[in-house]
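The structure under discussion appears below in the form of structure tokens.
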There are 2 protein chains.
Amino acid sequence: MLQISNRGQQMPASPIRKLVPYAEAAKKNGVKVYHLNIGQPDIETPPSILDAVRKADIPVLEYSHSAGNESYRKKLVSYYKSVGINVTPDQIIVTTGGSEAIMFGFFCCLNPGDEVIIPEPFYANYNGFAVEAGVKVVPITASIESGFALPPISEFEKVITPNTKAIIVCSPNNPTGYLYGREEMEALKTICLKHNLYLFSDEAYREFTYSGEFVSAMHLDGMEENVVLMDTISKRYSACGARLGAFVTKNKAVYDAAMKFAQARLSPPGLAQIMGEAAVDLPPSYFDSPKAEYIARRDLLVKRLNEMPGVFCPNPGGAFYAMAKLPIDDSDKFCQWLLESFSHNSQTVMLAPATGFYGTPGLGKNEVRLAYVLNLNDLSNAMDCLEKALEQYPGRVETTRRELAMSNKQ
Amino acid sequence: MLQISNRGQQMPASPIRKLVPYAEAAKKNGVKVYHLNIGQPDIETPPSILDAVRKADIPVLEYSHSAGNESYRKKLVSYYKSVGINVTPDQIIVTTGGSEAIMFGFFCCLNPGDEVIIPEPFYANYNGFAVEAGVKVVPITASIESGFALPPISEFEKVITPNTKAIIVCSPNNPTGYLYGREEMEALKTICLKHNLYLFSDEAYREFTYSGEFVSAMHLDGMEENVVLMDTISKRYSACGARLGAFVTKNKAVYDAAMKFAQARLSPPGLAQIMGEAAVDLPPSYFDSPKAEYIARRDLLVKRLNEMPGVFCPNPGGAFYAMAKLPIDDSDKFCQWLLESFSHNSQTVMLAPATGFYGTPGLGKNEVRLAYVLNLNDLSNAMDCLEKALEQYPGRVETTRRELAMSNKQ
């Protein structure tokens, strides 16, 4: 009997997509489903960047340079300069989405058995790349009560072992929306320099910062050897399907190793690189409108959530996600119930159970992630559904006064 | 001091691309370089498939299904049917190039320490994916004298151990151009069934079969659980830069495992899927012209090579590669010398040293791979260069009569 690999068995199923069959069944039954479960923005992809592809003269769609077209890397240099990041074209490898940049980081910097510390809740697919690379994820818990601020250095120190090789940070954060402040980024620097760790910085949501200053890991002086920036145009230009990202580092040994991985897969997607190049020419004002839209959505979502009895949602500083604590027994059951057994005016809402974003078993059972990727009207309807659902859900658990006080709700 | 990973150190540099700096220097010195070193066809990408992208209405370029758009997978089913392969849409995962399909196979089917047997010379990047997955490549040697026919079953039996989990076959072959016949494919089936092995079948060059019948691993009855097909549109439609491939298997456990890897990286490139879908609608006659062109090129190349004193080139049955045995001391030195120290009428030729295609150290030192991806006129000029170069090369080694007789040149 042929066996699949251990990795194939251990590989986690996507916590975001596993409810999809229930959503499809609900739709077949005539129920409208508001998708707040996945970070697929509804913002229009800038027509000019698609036009660049339409207008391109492509007699032969050839392999590009394995690091990506030089012309695109030069453009990226100017883009990064505009956000205070000074790099050269030969410090950038254009990747197939941010996903491949994360994978290159795991494979180039970590050995099987090595450990990577990630503040939880975290982007669930880090688990998948860790399984691929045979790396152990060591979570340290950020609490919803503190709005998911970086846990204190002492928490990192507690879990650092000789096998610890890297920390992953994502700011603004997916799934929490939390924006790490300068002090927190400096704390990460201190830990990394003290313990000789890589800092993998996932900055997919850089442009969507609503309160406070965005601090890139690349802004940290003295961290040139430690920082690997993992980037993508997916959210920046609402171009998730392009699959175009970047692996950026000033550490030459890491860069050279990543180039060998890049050569093995030949080149990143060609048409997407034309889009990416055109995107750098968008005026800086391009971001004003999506940003204003996301702020309005966030404000509506957070207000509505916190008005619901027993619900607490800290105000996210960036990205387009919010985590909410709900008065429920089990977020996996609740999210499935929303699709399988509930509707309000023939509508329901699809959420992501938070359990998939925690590395520590048992955490996130009364939390969900909401992606505010729908317009204000749909979002409002989705909140109506959630409000009604929480009233009807058989697994509702009354929050004690003490818990409510702890969640600092005012 | 931060260290890169063992994998990062062991990862081989691309044997095809490592000579690039020498080619760039030659061009700067005004020398025209004929690139026979890389499988980048000069055949026009069908304009209709690029037009499909141009005409597509894309308000938001969203993530596709992790397995690829269902509409594209349905189209692929009809394409596969046209080449005698019967599969369903849920046996196909659309991948980022054939590269990702190979990677999924390694990660889903093989554990670190497992062994995969590959007839050598073989596509060099299999080594890279093996390092990524921690898998050991076990080569068995196909000889240029036999035209690179499949080594006898007894050679496989000699190297099979309890750790052997798969065989990789590529037909028509890169780098040899060899087309495996039905008997050879049946021999592979016998070995795989007897020893419970996966058969990874890389069929990137399926359409370019010049003599004899193309036999897919998917045509082998009783091998449904064993076969993983790794496919790509790169060569089929001269669309290497699209980065679009397919992972196809009837083994449900393998498929389900691969889907988890596919979900971790979210989706394959979106614009390329539009191209791929349009490509299935090209008339079957589309292949007539590129095929006729490749045959003419092959005929010219093989004739010219075999006319050169001391050179032997078996006639390839497919793909667009040929391997030639040259009267030289060291193919790496020779290929570098061609770029660094030689020119003929201000022209030279870039070849791929065969050493990078062998797993056994020391083999391929007097062989090169030539990709016939240039038009007949350029190809003829390139052969003029090679002929002159072999006369002038200081490391020329006279082939003995016995060797020439063995190479069965007639």
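The values are calculated or read from the model by the stated rules, or taken from the named source; none is laboratory data. Treat the numbers as computed from the prediction; the structure is a model and nothing was measured. Neighbour counts are summed over all protein chains in view; Cβ atoms, including those assigned to glycine, are modelled from backbone coordinates with ideal geometry. Just so you know, the surface numbers come from the protein's heavy atoms only, side chains and all, with ligands and any DNA or RNA stripped out. Shrake-Rupley method; radii C 1.70, N 1.55, O 1.52, S 1.80 Å.
Under the condition of being touching a residue at least 60 places away in the same chain (Cβ under 8 Å) and within 13 Å of another protein chain (Cβ to nearest Cβ), the residues counted in region B:167-196 number 1. If you go through region A:361-391 and pick out every residue that is more than 24 Å from the chain's Cα centre (by Cα) and of a type in the set (Gly, Ala, Ser), you end up with 1. With the checklist (1) within 21 Å of the chain's Cα centre (by Cα); (2) within 13 Å of chain B (Cβ to nearest Cβ) in hand, flag the one item A:Phe287 doesn't pass. Tallying (1) within 21 Å of the chain's Cα centre (by Cα); (2) within 13 Å of chain B (Cβ to nearest Cβ), A:Phe287 fails exactly one: (2).
Looking across region B:257-280 at every residue that is touching a residue at least 40 places away in the same chain (Cβ under 8 Å) and charged (D, E, K, R), the one that is nearest to the other protein chains (Cβ to nearest Cβ) is identified as B:Arg265. Residues that are at the interface with chain B (Cβ under 7 Å from one of its Cβ atoms), closer than 16 Å to A:Arg236 by Cβ and touching a Gly at 6+ places or on another chain (Cβ under 6 Å) occur in region A:91-99; there is at least one.
Quick check on this structure: which one of A:Leu220, A:Leu244 is more than 14 Å from chain B (Cβ to nearest Cβ), among the aliphatic types (A, V, I, L, M) and in contact with a helix residue (DSSP H, G or I) (Cβ under 8 Å, 6 or more places away or on another chain)? First the steps, then the outcome.
Values: A:Leu244 fails: more than 14 Å from chain B (Cβ to nearest Cβ).
Going through A:Leu220, A:Leu244 in turn, just one is more than 14 Å from chain B (Cβ to nearest Cβ), among the aliphatic types (A, V, I, L, M) and in contact with a helix residue (DSSP H, G or I) (Cβ under 8 Å, 6 or more places away or on another chain): A:Leu220.
Of the helices (runs of 4 or more DSSP H) lying entirely inside region A:1-82, those containing at least 3 residues that are aliphatic (A, V, I, L, M) and either within 12 Å of another protein chain (Cβ to nearest Cβ) or touching a residue at least 12 places away in the same chain (Cβ under 8 Å) (or both) are A:20-28, A:47-55.
Scanning region A:227-241 for residues that are within 7 Å of chain B (Cβ to nearest Cβ) and crowded, with 24+ Cβ neighbours inside 10 Å gives A:Ala239, A:Cys240, A:Gly241.
Do you know which of the residues in region B:187-224 that are surrounded by fewer than 18 Cβ atoms within 10 Å (Cβ to Cβ) and of a type in the set (Asp, Glu) is nearest to B:Ile93 (Cα to Cα)? Within region B:187-224, the match that is nearest to B:Ile93 (Cα to Cα) is B:Glu224.
Would you confirm whether any residue within region B:181-197 is of a type in the set (D, E, K, R), closer than 18 Å to B:Tyr321 by Cα and either modelled with pLDDT under 95 or outside the structural domain of B:Leu326 (by TED's automatic domain parsing) (or both)? Scanning region B:181-197, I find no residue that is of a type in the set (D, E, K, R), closer than 18 Å to B:Tyr321 by Cα and either modelled with pLDDT under 95 or outside the structural domain of B:Leu326 (by TED's automatic domain parsing) (or both), so the answer is no. Being in a loop (DSSP other than H, G, I, E, B), open to solvent by 10 Å² or more (accessible area, probe 1.4 Å) and more than 11 Å from B:Tyr72 (Cβ to Cβ) is the filter here, so list the residues in region B:255-289 that pass it. Result: B:Arg265, B:Leu266, B:Asp281, B:Leu282, B:Pro283. Taken together, the criteria place A:Leu300 among residues that are assigned to a helix (DSSP H, G or I), away from every other protein chain (no Cβ under 14 Å) and surrounded by fewer than 18 Cβ atoms within 10 Å (Cβ to Cβ). Among the criteria (1) more than 14 Å from chain A (Cβ to nearest Cβ); (2) surrounded by fewer than 20 Cβ atoms within 10 Å (Cβ to Cβ), the one B:Lys252 does not fulfil is (1).
Take the conditions (1) open to solvent by 30 Å² or more (accessible area, probe 1.4 Å); (2) among the hydrophobic types (A, V, I, L, M, F, W, C); (3) out of contact with any helix residue (DSSP H, G or I) (no Cβ under 9 Å at 6 or more places or on another chain); B:Ile153 misses just one of them, which is (3).
Does at least one position in region A:390-397 carry a residue that is modelled with pLDDT under 95, open to solvent by 10 Å² or more (accessible area, probe 1.4 Å) and either in a loop (DSSP other than H, G, I, E, B) or among the hydrophobic types (A, V, I, L, M, F, W, C) (or both)? Scanning region A:390-397, I find at least one residue that is modelled with pLDDT under 95, open to solvent by 10 Å² or more (accessible area, probe 1.4 Å) and either in a loop (DSSP other than H, G, I, E, B) or among the hydrophobic types (A, V, I, L, M, F, W, C) (or both), so the answer is yes. Screening B:Ala26 against (1) modelled with pLDDT of 95 or more; (2) surrounded by fewer than 21 Cβ atoms within 10 Å (Cβ to Cβ) leaves a single unmet condition, (2).
One residue stands out among those in region B:112-145 that are without any contact (Cβ under 8 Å) to a residue 40 or more places away in the chain and more than 16 Å from the chain's Cα centre (by Cα): the one that is farthest from B:Asp231 (Cα to Cα), which is B:Ser143.
For region B:310-343, the tally of residues that are within 30 Å of B:Gly181 (Cβ to Cβ) and not hydroxyl-bearing (Ser, Thr, Tyr) stands at 16.
If you go through region B:47-59 and keep only what is touching a helix residue (DSSP H, G or I) at 6+ places or on another chain (Cβ under 8 Å) and surrounded by fewer than 21 Cβ atoms within 10 Å (Cβ to Cβ), you end up with B:Ser48, B:Asp51, B:Ala52, B:Arg54, B:Ala56, B:Ile58.
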